[in-house]
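The values are calculated or read from the model by the stated rules, or taken from the named source; none is laboratory data. Owing to the predicted nature of the structure, the values given are computational and were not obtained by experimental measurement. Cβ placement follows ideal geometry from the backbone for every residue including glycine, while neighbour counts extend to all protein chains displayed. SASA here: full protein model, heavy atoms, side chains in, ligands and nucleic acids out. Shrake-Rupley method; radii C 1.70, N 1.55, O 1.52, S 1.80 Å.
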Amino acid sequence: MQSPLALLSLVLAAGAAGLAGYALSRAPTETAQLEARLASVEDQLSRVERSLDALAAREVLVEAPSLLGLSADTPTKLSNASSGVTEGAPTRGEPNVTERAPTGSLASPEGEAALTEMVSAAVEKKAAQLLAMREKKPSIDTFARTLELDDAQRAAIERGVLSSQHEIKSILEIETEAGANFLDDLVEVFADGIAHPGKNPKAGQALFTRLLTEKIPGSNETYAERVEGVKSRLRAALKRDLNPKQHTAFQTWQMDPTEIKGIAGSPWKAIEKRVGERVKELVPDTPR
């Protein structure tokens, strides 16, 4: 079922086309008035796009703790968007809806077709972006396509994400004062959850609590605090690498960039393999 905002966008598109067609048979003075009304329709479409962004930002994400989803605030993430989320000002080479409007008279077959195409393309593009943003652990291909990264931006972000993932892995491998290894414990929790779903639902929560409370030997930082420091530096790097419009979209996405998948050399692939092997040990008849 279409959302009210999507339906509103389609209504605006139909209204714009109707106004343009009606203008064909009117006097010049009336035509000018209709063109002014069409400009108003474009402004309404722009507001619809911003509303769609706000809708995506209000989406609530509730996930169990995961290897890549460590956070120093709470084991359950709730992404609470502030009211009034707006898209950043378009940068050079990225015209907004109004700038894409046909420059000729809208009271012509060409103007009508161009306006209808413009509105439809804007709605389709926004819908595709919102659909992609429902994935909170996207592949690098999805991330790059959704934020419209150029090759240089993608390369810089891949390097930053890869470096951060290796840093987090190293932090989790630091032996605790009790001689434990958090990375090993995480693999065990994940594998047990897959092999025996629902049998030990509090195992992940207990491990997450330890990450929040146990300090790294020789420091005043907990494991979670040091991991969060890595994530904060990556988010700061992304702010430098992205243009204002892309960064606004990234913030609306409400995702953890260290969880981006599909980057060559990522340590998470090896960890996933370890989890799979442990599952086979726990459930011997698991298909190989």
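Order Lys169, Lys261, Lys231, most accessible first, counting only protein heavy atoms with a 1.4 angstrom probe. Please report the intermediate quantities before stating the final value.
Working: Lys169 50, Lys261 100, Lys231 5 Å².
From most accessible down to least: Lys261, Lys169, Lys231.
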Mean separation of Cα contacts under 8 Å, 6 or more apart, over the residue count of the stretch 187-288: relative contact order %: 37
Sequence-distant residues sharing a close amide H with Lys261 (under 5 Å, placed H): Ser139, Ile140
Over 24 Å (Cα to Cα) - which of Lys215/Lys239; Lys169/Lys199; Lys136/Lys245; Lys202/Lys231; Lys136/Lys199; Lys137/Lys245 fall in this group: Lys215/Lys239; Lys169/Lys199; Lys202/Lys231; Lys136/Lys199
Amide hydrogen neighbours beyond the local backbone of Thr222, cut-off 5 Å, H modeled: Ile216
Virtual spin-label span in nm between Ile194 and Ala155, 7 Å along Cα→Cβ: 3.5
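What FRET efficiency, computed as 1/(1 + (r/R0)^6) with R0 = 45 Å and r the Cβ-Cβ distance, is obtained for Arg145 and Asp184, rounded to the nearest 0.05? Spell out each step's value before the answer.
Working: r = 36 Å, r/R0 = 0.80.
So, using R0 = 45 Å, E works out to roughly 0.80.
For a quick check of your reading of the filter: which trypsin sites (Lys or Arg not before Pro) in the stretch 183-212 sit in a DSSP loop and have no more than 12 other Cβ atoms within 10 Å?
Working: sites: Lys199, Lys202, Arg210; in loops: Lys199, Lys202.
Here the trypsin sites (Lys or Arg not before Pro) that fit, given the DSSP loop and packing criteria, are Lys199, Lys202.
Heavy atoms only, probe 1.4 angstrom, no DNA, RNA or ligands counted: give me Glu272, Glu158, Glu281 ranked by accessible area, highest first.
Putting Glu272, Glu158, Glu281 in descending order of accessible area: Glu281, Glu272, Glu158.
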Förster radius 30 Å - calculated FRET efficiency between Glu214 and His166 (Cβ-Cβ, nearest 0.05): 0.90
